[in-house]
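The values are calculated or read from the model by the stated rules, or taken from the named source; none is laboratory data. Remember, predicted model here, so these are calculated numbers, not experimental data. Don't worry about glycine lacking a Cβ; one is built from the backbone with ideal geometry, like all the others, and counts go over all protein chains shown.
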Amino acid sequence: MSLVDFTDIRMEQRAVAGVTVPVAVVPRIKNQGYLSRILHSLKGLLEGMRLTFGYLVHPSRIVTRQYPENRETLKFPERYRANLKLVYDEKGYHLCGGCKLCEKACPNASIRVLNRKSPITGKIELDRYIWRMDSCTFCNACVLACPSSSLEMGHEFENAVYDRRLLIYNLNRYAGPQAEVMEKLDEETRKQAMEPRDAYGGPVPLAGEELPNIVPVRVDSPGNPASRPGQGSDA
Ligand code: SF4
Ligand code: SF4
């Protein structure tokens with residue numbers, strides 16, 4: 001039982017610092033008798049003990065997880081969103097054709113897709129897929145906007161860094177054609193068509209280019225990891 005009856009809260013006009021403003025007036029906590037307060041406390045105590053013993057008897061119901069001890073066995077709901085990823089097929093080719101629909105769909109300019117003319121095929125292809133984790137709100141709009149299902153949300157949540165500029169990085173492992181174009185090339189041409197990209201290479205963390213107000217970070221700065229988990233050089 002709550003000590004405050006929230007149905008009694010009423011709005012009033014009151015003068016505050018010489019200005020009349022609407023305020024919510026909350027009724028004072030009702031005075032309880034001594035015995036009533038003891039019973040109220042005991043009730044709360046018993047409810048807590050019932051919960052604790054319930055978890056003791058049925059440990060499968062426990063919601064709290066012992067992190068980081070359980071890091072290896074952590075399970076996430078399928079829809080949990082921790083990081084944005086490019087999708088690669090089983091041969092390691094990305095599916096992104098560089099259409100920039102995700103960039104347009106992003107409400108806060110957290111994506112920048114840089115394309116280039118392929119030196120091999122002569123067609124437009126993905127050069128760098130830059131994602132700003134520091135401003136991303138994980139709304140999933142980019143994933144939904146992609147016509148070729150080239151994006152997905154991952155579960156890699158341990159992304160803390162000491163320098164927030166390191167939260168801006170390339171998602172693509174290589175500059176080059178997407179999978180459907182790769183399939184039409186012979187083996188040797190495919191290798192030539194793929195130019196490796198690491199997470200912090202090129203204009204990322206942007207070397208002062210492309211995104212405003214970002215001071216360049218040297219890739220070999222102390223504490224600057226060579227690549228992000230699940231990204232870059234492990235292709
Ligand atoms: S999840 Fe939302 S905020 Fe983040 S990059 Fe995609 S569209 Fe932008
Ligand atoms: S990820 Fe999808 S929407 Fe974004 S540029 Fe690539 S193909 Fe287009």
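A few points about this structure:
- Some residue of the stretch 176-183 being more than 16 Å from ligand 2 (Cβ to nearest atom) and assigned to a loop (DSSP other than H, G, I, E, B): yes
- Matching residues, the stretch 123-135, being surrounded by 15 or more Cβ atoms within 10 Å (Cβ to Cβ) and within 14 Å of ligand 2 (Cβ to nearest atom): GLU125, LEU126, ASP127, ARG128, TYR129, ILE130, TRP131
- Exactly one residue out of ILE130, ILE124, ILE120 is in contact with a helix residue (DSSP H, G or I) (Cβ under 9 Å, 6 or more places away or on another chain) and farther than 16 Å from ILE168 by Cβ, and it is ILE120.
- Every listed requirement among (1) part of a loop (DSSP other than H, G, I, E, B); (2) under 30 Å from ARG132 (Cα atoms) is met by GLU103 save one, (1).
- Enumeration of residues in the stretch 139-150 that are surrounded by fewer than 15 Cβ atoms within 10 Å (Cβ to Cβ) and part of a loop (DSSP other than H, G, I, E, B): CYS139, PRO147, SER149
Rundown of residues vs (1) under 30 Å from SER150 (Cβ atoms); (2) in a loop (DSSP other than H, G, I, E, B); (3) at pLDDT 95 or above, yes/no style:
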site: HIS40; (1), (2), (3): no, no, no
site: LEU51; (1), (2), (3): no, no, no
site: TYR55; (1), (2), (3): no, no, no
site: VAL63; (1), (2), (3): no, yes, no
site: LEU84; (1), (2), (3): yes, no, yes
site: GLY98; (1), (2), (3): yes, yes, yes
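- Candidates GLU90, GLU103, filtered to the one that is more than 16 Å from ligand 2 (Cβ to nearest atom) and free of Cβ contacts under 8 Å to residues at least 40 places away in the same chain: GLU90
- Condition check for VAL161: at pLDDT below 95, touching a Pro at 6+ places or on another chain (Cβ under 9 Å) and either surrounded by fewer than 20 Cβ atoms within 10 Å (Cβ to Cβ) or β-branched (Val, Ile, Thr) (or both): yes
- Any hit, the stretch 6-20, residues being at pLDDT 90 or above and assigned to a helix (DSSP H, G or I): no
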